[in-house]
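What follows is a set of notes on a single structure, which appears directly below.
The values are calculated or read from the model by the stated rules, or taken from the named source; none is laboratory data. These numbers were taken from a predicted model, which means no experiment stands behind them. Cβ sites come from the backbone with ideal geometry, for glycine too, and all protein chains shown count toward neighbours.
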Amino acid sequence: MPPMKNNNDSLQRFIFESTDIRGEITTLSSSYQDLLALQKYPPQVELLFGEFLAAVTLLSSRLKHSGMITVQARGSGPITTIMAECSQDNKLRGIVRGDFDTLDGLSTLQELLGKATLAITLEPEGKERYQGVVPLDEAQLSSCLEFYFYQSEQLPTKIKLTSDANSATGLLIQQLPSSGDQEKSQEDWQRVSNLLETLSSEEQLHLSHNDQLYRLFHEQDLLLFEPTEMQFSCSCSRQRTENALLSLGRKDVLELSAEQGLIMINCQFCSQEYRFTAADVKQLFDPSEPLLH
Ligand SMILES: [Zn+2]
């Protein structure tokens, strides 16, 4: 794979050699910009959305096979829903819903979302869906995710998320179950997590992955893997929209079609419009009947 300029839109795994610690580092630029261009969010919503996108990217490596992972918060505040989704083949999408007219002067997680919960959902294709839910009651999204890992997998995890108008970034380290000396393993973890604490937002936003990791961990033996490219891509399609119409039921959809003539459905993620004429609807529900033009 050719080297990527400034790590834009990539996820990289790394390991600390001769320890039980693994990590992930991500920067999203074009994909983040593409997503922001579709919806007009206020600045503080964009920043929080960026953190959710970076977070789901960091978590996406937990999908071993094809499928989807979602990080979603629902709250009672001005933001009612914020979600970011990543597929195993590194496609990102997401959305924020709420009353953005009431956001003046609000910026913290609690101000924006009110009383909220955070759900992490893994949907491996053809396998059972898994969902973990934790309260969104810390000052930072990263702390809530750290608690999620602690609660659901008993894996000590540290996460740093930062975003600005141009990019969304994240760095995660995780202590895997120790394969040997418990005491050494604990010391390694303490040292590496203390070093991570010194990473500033500026560094996350402006240094390459290599430079961030060198700045933090140059005294450790660290192996950085090749970057995986991330991109914004919506998984909607005409076929999926047809399936959604079918699931609404013949009676309701035929009625709607008779009322409106043309049924127009816009994807909430990418605004793609799908149009269904009365003939399309009839064909959808009665595929055996020949179409008369
Ligand atoms: Zn779409």
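None of Gln190, Gln220, Gln260 is over 21 Å from Asp164 (Cβ atoms), more than 16 Å from the ligand (Cβ to nearest atom), surrounded by fewer than 16 Cβ atoms within 10 Å (Cβ to Cβ) and in the same structural domain as Gln88 (by TED's automatic domain parsing) except Gln190.
Only one of the numbered conditions (1) closer than 20 Å to Leu176 by Cα; (2) in contact with a Phe, Trp or Tyr (Cβ under 8 Å, 6 or more places away or on another chain); (3) in a loop (DSSP other than H, G, I, E, B) is violated by Ser18, and that is (2). As a summary of the residue check, Glu226 satisfies the conditions (1) under 28 Å from Leu35 (Cα atoms); (2) away from the ligand (no atom under 14 Å from the Cβ); (3) surrounded by fewer than 16 Cβ atoms within 10 Å (Cβ to Cβ); (4) free of Cβ contacts under 8 Å to residues at least 60 places away in the same chain except for the one numbered (4). In contact (Cβ under 8 Å) with a residue 24 or more places away in the chain and touching an Asp or Glu at 6+ places or on another chain (Cβ under 6 Å) - does that describe any residue in region 76-88? Yes, region 76-88 contains at least one residue that is in contact (Cβ under 8 Å) with a residue 24 or more places away in the chain and touching an Asp or Glu at 6+ places or on another chain (Cβ under 6 Å). Under the condition of being without any contact (Cβ under 8 Å) to a residue 24 or more places away in the chain and within 16 Å of the ligand (Cβ to nearest atom), the residues counted in region 235-257 number 5. Taking region 57-142 as the region of interest, the strands (runs of 3 or more DSSP E) fully inside it that hold 1 or more residues being polar (S, T, N, Q) and surrounded by fewer than 21 Cβ atoms within 10 Å (Cβ to Cβ) are 67-75, 79-87, 116-124, 130-135. If you check Arg93 against the conditions, is it touching a residue at least 24 places away in the same chain (Cβ under 8 Å), basic (Lys, Arg) and more than 19 Å from Ser235 (Cα to Cα)? The answer is no for Arg93. Do we have Glu51 as in contact (Cβ under 8 Å) with a residue 24 or more places away in the chain and either outside any helix (DSSP H, G or I) or more than 20 Å from Ser10 (Cβ to Cβ) (or both) here? Taking the combined requirement at face value, the residue does not satisfy it. Being farther than 30 Å from Pro42 by Cβ and touching a helix residue (DSSP H, G or I) at 6+ places or on another chain (Cβ under 6 Å) holds for only one residue in Leu161, Leu216, Leu172, Leu176, and it is Leu216. Is it true that some residue in region 113-131 is under 16 Å from the mean Cα position of the chain (by Cα), within 16 Å of the ligand (Cβ to nearest atom), in contact (Cβ under 8 Å) with a residue 12 or more places away in the chain and more than 22 Å from Pro42 (Cβ to Cβ)? No; the residues of region 113-131 include none that is under 16 Å from the mean Cα position of the chain (by Cα), within 16 Å of the ligand (Cβ to nearest atom), in contact (Cβ under 8 Å) with a residue 12 or more places away in the chain and more than 22 Å from Pro42 (Cβ to Cβ). Checked against the criterion of being within 14 Å of the ligand (Cβ to nearest atom), outside the structural domain of Gly23 (by TED's automatic domain parsing) and exposed (fewer than 11 other Cβ atoms within 10 Å of the Cβ), region 276-292 has no qualifying residue.
Taking each residue of region 172-183 that is surrounded by 15 or more Cβ atoms within 10 Å (Cβ to Cβ) and looking for partners that are of a type in the set (A, V, I, L, M, F, W, C) and assigned to a loop (DSSP other than H, G, I, E, B) with beta-carbon atoms closer than 6 Å, six or more apart or interchain, yields Gln174/Leu155.
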